[in-house]
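Since the structure comes first, as structure tokens, the remarks are kept for the end.
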Amino acid sequence: MSSCLCFRSFFHKQKDSEEPEKKQQKEEQKNSTTTMTTQTATQKNPSFVLQAANKVVYEDRPIPSLPSPYDVIVRPRWTGICGSDVHYWVEGRIGHFVVDSPMVLGHESAGIVHSVGEKVSSLKVGDRVAMEPGVPCRRCVRCKEGKYNLCPDMQFAATPPFDGTLARYYALPEDYCYKLPESMSLEEGALIEPTAVAVHITRQAAVKQGDSVVVFGAGPVGLLCCAVAKAYGAAKIVTVDINDERLNFALQYAATTSFKSARVSAEENAKNLIKECELGPGADVIIDASGAEPCIQTAIHALRMGGTYVQGGMGKPDITFPIMAMCTKELNVRGSFRYGSGDYQTAVDLVASKRISVKELITGKVKFEDAESAFSDVKGGKGIKILIEGPEEPHQQQQQQDQTFLKSRI
């Protein structure tokens, strides 16, 4: 008893001694946020810029002009954080894409049309839009055959050397902005980008009514693949992960059953997966949204004869692949990269019609000035999808500051 009392006494003393320090830290953070808010309010186009690995700053970039009379300028209001954004922040590169010069981050955005080119006919100022962040050349063979996501001259937001959408203003062609219905929020609009990725993956897999579909990885894209497969009529949707919390979420969200991977051989894992999830001769379709080598190996062994495998997740550049199983089962093996013709509009339609819900995936929202802390949370595996609010226009920020000042005086 005495030892417990002594511990409690020590704890309270320690707590008391820490309180001034915590108060000081909170005050410093508050002052820092106030300073940053004031700074971005006076900037014409405040932007969240990656200068080098692990080094981000807020910069005032020029307000973009309209490169074409068919272009529009959008004010991004909400932007989701993608794993690629975090990878660039931490590593300064992804494969051969290297951050050699400062680059604005962000590409999962929805916003409000700020101005339009003189030949724009489908949009007007004030329209709420989902922003497709990759603009192809429109002239090459891949573009002309409808596979513009494979365009060698793609200009994709937040992929070196092209700036991203975490700024007050961003320019896009009008046909890469998709009007949101009144029933859809701008926050939901920001999730159209990862939903379009899932639409493209699921289309690559040709999921149809009655299929059994296994999805490896219960992150945002994996969860959305489950949701799209469900919308397309899959009879059984298995989510696979090593995290119990994510598996439980996936079951509540869109999956019909779950499987937790074990530290055994790929063949044994596949055998257990087929048995526990009652997949008969094997799954009709398996999607990998993890990029993890053991998942890829297990997936090939868990497919039925003539089944379809789609690689959606990106991991190591080279892995050991069970090519004999692929050949003898005559599997259809496909890659998937971003999204192509019709995928973005399909994503909007699926969410607008309530066949897919994305609200559940939003687990955090932060102000523009707190963008770096949001990146840290995503890096630490906190939440599913964290959104960053876009910077307000100067007069709106000034009004908010005036209101805050008046409240502090009351």
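Tabulated results
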{"quantity": "Along principal axes, Cα extents of the chain, largest first, whole Å", "calculated": "81, 73, 41"}
{"quantity": "For the range 375-383, 3J(HN,Hα) per residue [Karplus equation, 6.51 cos²θ - 1.76 cosθ + 1.60, θ = phi - 60°, Hz, x = Gly/Pro]", "calculated": "4, 5, 5, 5, 4, x, x, 7, x"}
{"quantity": "Under-5 Å amide H pairs with Trp78, H placed in peptide plane, nonlocal only", "calculated": "Ala110, Gly390"}
{"quantity": "Separation of the Met305 and Val333 label points, Cα + 7 Å toward Cβ, nm", "calculated": "2.0"}
{"quantity": "Neighbourhood charge, 11 Å Cβ-Cβ cut-off, centred on Ala206 and excluding it, Lys, Arg +1 and Asp, Glu -1", "calculated": "+1"}
{"quantity": "Mean separation of Cα contacts under 8 Å, 6 or more apart, over the residue count of the range 197-335: relative contact order %", "calculated": "23"}
{"quantity": "Debye, to nearest 20: dipole size of the range 197-335, +1 on Lys, Arg Cβ, -1 on Asp, Glu Cβ", "calculated": "260"}
{"quantity": "Whole-Hz couplings from phi, Karplus 6.51/-1.76/1.60, listed for the range 123-134; x for Gly and Pro", "calculated": "9, 9, 4, x, 5, 9, 9, 8, 10, 7, x, x"}
{"quantity": "Least to most buried among Ser261, Ser341, Ser101, Ser47 (fewest other Cβ within 10 Å first)", "calculated": "Ser101, Ser341, Ser261, Ser47"}
{"quantity": "Efficiency of FRET between Lys208 and Lys382 - r from beta-carbon atoms, R0 41 angstrom, step 0.05", "calculated": "0.65"}
{"quantity": "Taking Phe97, Phe156 and counting other C-beta atoms within 10 Å, the order from fewest to most", "calculated": "Phe97, Phe156"}
{"quantity": "Inter-probe distance in nm under a simple model that places probes 7 Å from Cα toward Cβ, at Cys137 and Thr42", "calculated": "4.5"}
{"quantity": "Cross-link table Lys316/Lys379; Lys55/Lys365; Lys147/Lys359; Lys354/Lys385, entries beyond 26 Å C-alpha to C-alpha", "calculated": "Lys147/Lys359"}
{"quantity": "For Arg334, distant residues with modelled amide H under 5 Å away", "calculated": "Tyr309, Val310, Gln311"}
{"quantity": "Centre separation in Å (Cα based) which lies between the range 74-152 and the range 219-284", "calculated": "31"}
{"quantity": "Leading residue at positive end of dipole, the chain (Cβ point charges), from Ala157, Gly222, Trp78", "calculated": "Gly222"}
{"quantity": "Per-residue [θ]222 nm for the chain (sum of -39500 (n - 2.57) over DSSP H runs n ≥ 4, rounded to 500)", "calculated": "-12000 deg cm²/dmol"}
{"quantity": "Calculated P(r) of the range 197-335 - Cα pairs past 18 Å, %", "calculated": "46"}
{"quantity": "Relative contact order of the chain, defined on C-alpha pairs under 8 angstrom at six or more residues apart (%)", "calculated": "16"}
{"quantity": "Spin-label model distance (nm) - Glu268 vs Lys316, 7 Å beyond Cα toward Cβ", "calculated": "2.0"}
{"quantity": "Under the Karplus curve 6.51 cos²θ - 1.76 cosθ + 1.60, θ = phi - 60°, whole-Hz ³J(HN,Hα) for the range 94-110, x wherever Gly or Pro sits", "calculated": "9, x, 8, 8, 10, 7, 8, 9, x, 9, 6, 8, x, 8, 9, 10, 9"}
{"quantity": "Size of electric dipole in the range 119-222: Cβ of Lys, Arg +1 and of Asp, Glu -1, about Cα centre, debye, nearest 20", "calculated": "400"}
{"quantity": "Dipole in debye (nearest 20) - the chain, about Cα centre, beta carbon charges: Lys, Arg +1; Asp, Glu -1", "calculated": "460"}
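Every number here is computed from the coordinates shown, using simple stated rules; none is lab data. Here the structure is a predicted model, which is why all the values come from computation and not from measurement. Methodologically, a virtual Cβ is constructed for each residue, glycine included, from the backbone with ideal geometry; neighbour enumeration extends over all protein chains shown.
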